[in-house]
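**Student:** Quick one: structure below, then a few questions.
The values are calculated or read from the model by the stated rules, or taken from the named source; none is laboratory data. Model, not experiment: these values are computed from the prediction. Positions of Cβ are backbone-derived with ideal geometry, glycine not excepted, and every protein chain shown enters the neighbour counts. Heavy atoms of the whole protein, side chains included, go into the accessibility calculation; ligands, DNA and RNA do not. Shrake-Rupley method; radii C 1.70, N 1.55, O 1.52, S 1.80 Å.
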Amino acid sequence: MPVITTSDGAEIFYKDWGSGQPIVFSHGWPLSADDWDAQMLFFAGKGFRVIAHDRRGHGRSSQVADGHDMDHYADDLATLTAHLDLKDAVHVGHSTGGGEVVHYIARHGESRVAKAAILAAVPPLMVKTEANPGGLPKEVFDGLQAQLAANRAQFYYDLPAGPFYGYNRPGAKPSQGIIWNWWRQGMMGGAKAHYDGIVAFSQTDFTEDLKQITVPVLVMHGDDDQIVPYADSAPLSAKLLRNGILKTYPGFPHGMPTTEAETINADLLAFIKG
């Protein structure tokens, strides 16, 4: 398996297919590079080089005890891009991966980056604070940690079977394959990484990161996102970015890269080529 080893000894698994301009995909919590299958196949077929890694503690990467925070996530991504010597790359991040992309570009600079897209992403800040009154109460995220600690396997079924893909909405037609694939990816990863990751994605404030970025960034979000509520995320991120473009999808759920892949892929392609 292709892996890189980080400076603190974590082994990061990655896939690297094709040739052409590189597109680097950063997945959501608590999933893996496999969550980008629909995008990897599509863009590889369009003549791009597609790369996706399993975040530390997730998927096939090593289940290290420490480093489950945005600084390490961004540094691991920087180690990967340097190892592969990527230039003119487009970075695409979903959910927690959107935070990873934003923090990576702000922390490591834009010398290797052409553009970015963040989909249903956690920036600027998920948790409610005095400065972020529209955020979710900390108790919501404490509850996620409690459910994970109590029965991770059941929690990882209930989330995709319900709000993640909007399968709890009237008239929704759940796909058992999609639900079980989410469960499979989640259970491959480490409980410690996923437990700590809830703090990383909910309490990291990306406001200053967003302000620093100058490359074009497409901000894509469904207005029926039950995981990262629309009003306190995408419009605020787009406003903070110097070169941000907001694209709102009526009725789309948090897991729209999977359930609405045809639409998402077409819009990403237009943005990358534009």
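**Student:** Those residues that are touching a residue at least 60 places away in the same chain (Cβ under 8 Å), of a type outside the set (Val, Ile, Thr) and open to solvent by 10 Å² or more (accessible area, probe 1.4 Å), I need them from the stretch 226-236; list them, please. Steps first, answer last, please.
**Tutor:** Taking the stretch 226-236 and keeping what is touching a residue at least 60 places away in the same chain (Cβ under 8 Å), we get 226-229, 231-234, 236.
Cutting the leftovers down to of a type outside the set (Val, Ile, Thr) gives us 226, 229, 231-234, 236.
Selection gives Gln226, Pro229, Ala231, Asp232, Leu236.
Here is a yes/no grid of residues against (1) in a helix (DSSP H, G or I); (2) in contact with a Leu (Cβ under 8 Å, 6 or more places away or on another chain); (3) among the β-branched types (Val, Ile, Thr):
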position: Glu139; (1), (2), (3): yes, no, no
position: Gln145; (1), (2), (3): yes, no, no
position: Leu148; (1), (2), (3): yes, no, no
position: Ala153; (1), (2), (3): yes, no, no
position: Tyr157; (1), (2), (3): yes, no, no
position: Tyr165; (1), (2), (3): no, no, no
position: Arg169; (1), (2), (3): no, no, no
position: Ala172; (1), (2), (3): no, no, no
position: Ile178; (1), (2), (3): yes, no, yes
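**Student:** Looking only at the stretch 96-117, decide whether some residue is among the acidic types (Asp, Glu), open to solvent by less than 10 Å² (accessible area, probe 1.4 Å) and closer than 17 Å to Leu218 by Cα. Steps first, please.
**Tutor:** Here is the first cut: in the stretch 96-117, the residues among the acidic types (Asp, Glu) are 100, 110.
Remaining after also requiring open to solvent by less than 10 Å² (accessible area, probe 1.4 Å): 100.
Now restrict to residues that are closer than 17 Å to Leu218 by Cα: 100.
Yes, some residue in the stretch 96-117 is among the acidic types (Asp, Glu), open to solvent by less than 10 Å² (accessible area, probe 1.4 Å) and closer than 17 Å to Leu218 by Cα.
**Student:** Sticking with this one: Tally up the residues in the stretch 208-236 that are within 23 Å of Leu144 (Cβ to Cβ) and hydroxyl-bearing (Ser, Thr, Tyr), please. Even if it seems obvious, please write down each step before you answer.
**Tutor:** Here is the first cut: in the stretch 208-236, the ones within 23 Å of Leu144 (Cβ to Cβ) are 221-234, 236.
Filter once more, keeping what is hydroxyl-bearing (Ser, Thr, Tyr): 230, 233.
Of the residues in that region, 2 qualify.
Every residue, every condition in (1) open to solvent by less than 50 Å² (accessible area, probe 1.4 Å); (2) free of Cβ contacts under 8 Å to residues at least 24 places away in the same chain; (3) out of contact with any helix residue (DSSP H, G or I) (no Cβ under 6 Å at 6 or more places or on another chain); (4) closer than 26 Å to Gly109 by Cα, yes or no:
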| residue | (1), (2), (3), (4) |
| --- | --- |
| Pro174 | no, yes, yes, no |
| Lys192 | no, no, yes, no |
| Lys211 | no, no, no, yes |
| Leu218 | yes, no, no, yes |
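**Student:** Give me a count of the residues in the stretch 40-49 that are part of a loop (DSSP other than H, G, I, E, B) and not basic (Lys, Arg).
**Tutor:** Here is the first cut: in the stretch 40-49, the residues part of a loop (DSSP other than H, G, I, E, B) are 45-48.
Among the residues that remain, those that are also not basic (Lys, Arg) are: 45, 47-48.
Number satisfying all stated conditions: 3.
**Student:** To continue, here is another question. Hey, can you tell me all the residues within the stretch 222-250 that are closer than 11 Å to Pro123 by Cβ and touching a helix residue (DSSP H, G or I) at 6+ places or on another chain (Cβ under 7 Å)?
**Tutor:** Scanning the stretch 222-250 gives Ser237, Leu240, Leu241, Gly244.
**Student:** Another question about this same structure. Residue by residue through the stretch 85-95, note down the ones that are open to solvent by less than 10 Å² (accessible area, probe 1.4 Å) and over 17 Å from the mean Cα position of the chain (by Cα).
**Tutor:** Of everything in the stretch 85-95, just one residue is open to solvent by less than 10 Å² (accessible area, probe 1.4 Å) and over 17 Å from the mean Cα position of the chain (by Cα), namely Leu86.
**Student:** Name every residue in the stretch 63-75 that is within 14 Å of the chain's Cα centre (by Cα) and assigned to a loop (DSSP other than H, G, I, E, B), in order of residue number.
**Tutor:** Correct list: Asp69 only.
**Student:** Let me ask something else about it. If you go through the stretch 49-65 one residue at a time, how many are within 11 Å of Ala193 (Cα to Cα), in contact with a Gly (Cβ under 7 Å, 6 or more places away or on another chain) and of a type in the set (A, V, I, L, M)?
**Tutor:** 1
**Student:** Any idea which of (1) open to solvent by less than 10 Å² (accessible area, probe 1.4 Å); (2) under 25 Å from Arg56 (Cα atoms) is the one Trp183 doesn't satisfy?
**Tutor:** Result: Trp183 fails condition (1) only.
**Student:** Among the candidates Ala78, Ala52, which residue alone is more than 20 Å from Ala261 (Cα to Cα), free of Cβ contacts under 8 Å to residues at least 60 places away in the same chain and either under 14 Å from the mean Cα position of the chain (by Cα) or in a helix (DSSP H, G or I) (or both)?
**Tutor:** Working: Ala52 fails: more than 20 Å from Ala261 (Cα to Cα).
Within the list Ala78, Ala52, the selection yields Ala78.
**Student:** Conditions: (1) open to solvent by 10 Å² or more (accessible area, probe 1.4 Å); (2) part of a loop (DSSP other than H, G, I, E, B); (3) of a type outside the set (A, V, I, L, M); (4) in contact with a Pro (Cβ under 9 Å, 6 or more places away or on another chain). His58 meets all but one. Number of the miss?
**Tutor:** (1)
**Student:** Return a yes/no flag: does the stretch 252-265 have any residue that is loosely packed, with under 15 Cβ neighbours inside 10 Å and either in contact (Cβ under 8 Å) with a residue 40 or more places away in the chain or touching a Phe, Trp or Tyr at 6+ places or on another chain (Cβ under 6 Å) (or both).
**Tutor:** Within the stretch 252-265, none of the residues are loosely packed, with under 15 Cβ neighbours inside 10 Å and either in contact (Cβ under 8 Å) with a residue 40 or more places away in the chain or touching a Phe, Trp or Tyr at 6+ places or on another chain (Cβ under 6 Å) (or both).
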